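Quick notes on the structure that follows.
What follows draws every value from the coordinates through simple rules; no lab data is involved. If you're wondering where the values come from, they're calculated on a predicted model, not measured in any experiment. Heads up, the Cβs are rebuilt from the backbone with ideal geometry, glycines too, and the neighbour counts pull from every protein chain shown.
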Amino acid sequence: PVDILGDWAEAAAASPAADLTPSAPPFKLEAFGAKPMRVDDKEQIPVYASAQGGPDGTLLTYDPIEYVDRPEPLFGVRGAFAMYVVNDSMEPKYSQGALLLVHPTRPVRRGDFVLIVKRSVGDEHSALVKQLVRIGEEELVLRQFNPPDEFEIPRENVLGIHLVVGSFESR
């Protein structure tokens, strides 16, 4: 077997627990020319229109309807935003009026709850919130809960897929 801990295990066994707390890294990122990305955690995030749970979606506008305080799951996330749910097709997970917290760049996986931005009529876009079943070569397969259903959206109609990292219930 390979000892992946090396001499650290022996040193840890001989040291009191207080000495095992993480310390600062031995170098600074700036020394390598890296500039850390910083987003003000106190900054507010925009709330855009609404995300419908049904298969057609709600027409989307890119003008914020309000701003809310940045919640902890979106600290440090550039482009973070929120949307309201406007129907009950994702109940009991998301009720009508719930505020969805959306991470615009984190990769999505099967089983994740996602906000899909899709091409609608003409230049208009629509948004819907669903559970991702799978991403195929030519389609996204999505699930809704109320009524229970799985359906496909052609990938050519999908403009964006964003991870829902949390929600706040209304009232």
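Under unit Cβ charges (Lys, Arg +1; Asp, Glu -1), what dipole magnitude, rounded to 20 debye, does the range 85-171 have relative to its Cα centre?
Values: 11 positive and 13 negative charges, 76 e Å.
Around 360 debye, computed over the range 85-171.
What is the gain in length, in nm to one decimal, between PHE75 and SER95 on full extension, counting 0.36 nm per residue of separation less the C-alpha to C-alpha distance?
That pair, PHE75 and SER95, stretches by 4.8 nm at full extension.
State, to one decimal in nm, how far the label point of ARG109 lies from the label point of PHE168, with both points 7 Å from Cα in the Cβ direction.
Distance between label points: 2.8 nm.
For the range 100-169, what relative contact order do you get, as a whole percent, if you take Cα pairs closer than 8 Å and at least 6 residues apart?
So the answer I get is 42 percent.
Stretch GLU156-GLU137 to full length: gain in nm at 0.36 nm per residue minus the Cα-Cα span?
On the way: separation 19, 0.36 × 19 = 6.84 nm, distance 1.03 nm.
Gain on extension, GLU156 to GLU137, equals 5.8 nm.
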